[in-house]
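Below: the structure, in structure tokens.
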Amino acid sequence: MRRPCLFFLLLALLLAPLPGRAQSDERLPAPVARVLKAAGVPASAVAVLVQDVDARMPRASFNADRPMNPASVMKLVTTYAALELLGPAYTWKTEAYASGPLKDGVLEGDLVLKGGGDPKLGFEQFWLLLRQLRAKGLREIRGDLVLDRGRFALEPHDPAHFDNEPLRPYNVGPDALLLNYKSIRLGFVPDAETRGVAVYAEPSPAQLDIVNLVKLTDAACGNAWYEGIRMDLAHAGAGARLVLTGSYPAACGEKSRHVAVLDHPQFIAGVFRQLWRELGGQFPGGVREGAVPPGARLLAHSESPALAEVVREINKFSNNVMARQLWLTLGAEAAQRPAGSADAEGTVRDWLARKALRMPELSIENGAGLSRSDRISADSLARLLLSAWASPVMPEFIASLPLAGIDGTMKKRLNGSGVAGQAHVKTGYLDGVRALAGYVLDRRGKRAVVVFLANHPNAAATKAAQEALLDCAFARSC
């Protein structure tokens, strides 16, 4: 009697699915299926996977091997690779060199700014860098301002290409001398007495001319108050003119909006002139691009926060520009030469191969997920997250993900539910795409990987389905 039992046991083992491979013919968890049906999104447009971090097989999976666009969830690939390849303490440097003698506060030569690709070089950090130069006695620059942007081998970038929103900061391209995300904060201040609206810019590059024709109205202030303001940009030589028209509700009080209106060299040059003048310095020269010449002397430098902090900002707030900077940094560090996106992709694919993370369907354009061609499966994302759970950089990686109901892109979701504070998940949003992937600590104190991908014209209606998946993962009902 034991031999037939043994035979059927061996047969069952042979026919069992391979460990770690999600099965596409399994059903969606019932709560997820119900809300998807109510939202008018077919199950065929969705992929789902839930797996305990210490299990060999998923608790739930559906279409998990299907290649799908993950939107910003693709940042998980970039940031995990960076933490392992560069290390959590990695930093970027921006340096200032003198190409001539400095005597009595006068530099008889060029000042060279060398970019290291810092994703987080802000307005304040740049001011501190220039303040170092003034503290060391530099007052007047007789030569030019030279911009060394050679760390990245950049392809032409059209900020309007993705969604025809060229002024939006998320469409800013990467640059070795990225400054303040190349964005300007426009402040709108209503004046009830004059019935006007004052507009100020910070920073305020000298070559940017802002024409304010905005009118004050008595309309209610809604979340989309900025849609009443039209911005028309025209470039002229080394400068640009931004014309603001439309209306602004007085009920809004003071509001601000970030825009990207100049190219990288123009922006750096304009902000440099503004701050250098404010610091009491003189600079009558021009601006050009070039490399640090042999024999140039390092005068000052700025160092970024550690990579662990940068990754936290990338994932918590889904910062596309910072992710693209990090993507190219991976290529530049591996190649030890000016690197482009192909170098970064090769670096990441080599890393995945060394970790035995096979992803034949993977298509990754810029490391940020701001792409229509990106593809990855729920199964691949789950295996990536399981690998990260076993990695030495696991604490830094998980801490970088938005915490449900607490912060980042999940701050206003699942408030008051059992999942609030228990799920670290990265979200992704594009037209026709909604995605979510990360970890849930369930009510038994066990951690599970959760992945949800939706590609459908009505994908925006899947918010409830995502939250139903997190709820059932937390309750261990799926």
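Shape class for region 368-431, computed from the alpha carbon gyration tensor (a ≥ b ≥ c): oblate, with a/c not under 1.5 and a/b at or below b/c. Helix 341-354 and the longest principal axis of the Cα set of the chain meet at an angle near 30°.
The calculated FRET efficiency for the pair ALA192 and ARG241, based on their C-beta separation and a Förster distance of 35 Å, comes to about 0.75. Normalised by the number of residues in the chain, the mean separation of alpha-carbon contacts (under 8 Å, six or more apart) gives a relative contact order of 23 percent. TRP276 sits with roughly 0 Å² accessible to a 1.4 Å probe, with DNA, RNA and ligands left out of the calculation. Take every Cα pair under 8 Å whose residues are at least 6 apart in sequence, average their separation, divide by the length of region 40-117, and the relative contact order is 18 percent. Shape class of region 321-405 from the alpha-carbon gyration tensor: rounded, with the ratio a/c of largest to smallest axis under 1.5.
Surface composition of region 207-300: carbon and sulfur make up 50 percent of the accessible area, probe 1.4 Å.
For region 411-470, the relative contact order comes to 29 percent (Cα pairs under 8 Å, sequence separation of at least 6).
Accessible surface of region 308-426, 1.4 Å probe: 51 percent of it comes from carbon and sulfur atoms.
Database remark: amide H of LYS355 closer than 5 angstrom to no amide H (H placed geometrically; neighbours at sequence offset of 5 or more, or on other chains; Pro and chain starts carry no H). Average accessible surface for the chain: 44 Å² per residue, computed with a 1.4 Å probe over protein heavy atoms with every protein chain in place. Computed over protein heavy atoms with a 1.4 Å probe, the carbon and sulfur contribution to the accessible area of region 130-177 reaches 46%. The spacing between region 151-203 and region 282-297, judged by their C-alpha centroids, is 26 Å. Tell me the angle of helix 320-335 to the major Cα principal axis of the chain, expressed in degrees between 0 and 90 and rounded to the nearest ten. Taking Cα atoms only, the helix is inclined about 90 degrees. Each distinct pair of alpha carbons in the chain adds a 1/r term; the inverse of their mean, the Kirkwood radius, is 24.7 Å. Full extension of the chain between SER417 and LYS37 gives 134.5 nm of extra length, using 0.36 nm per residue less the Cα-Cα distance.
The values are calculated or read from the model by the stated rules, or taken from the named source; none is laboratory data. Computed from a prediction, not measured in an experiment: that's the story for all the values here. No Cβ is skipped: glycine too gets one built from the backbone with ideal geometry, and neighbour counts run over all protein chains shown. Areas reflect the complete protein model, heavy atoms only, side chains present, ligands, DNA and RNA absent. Shrake-Rupley method; radii C 1.70, N 1.55, O 1.52, S 1.80 Å.
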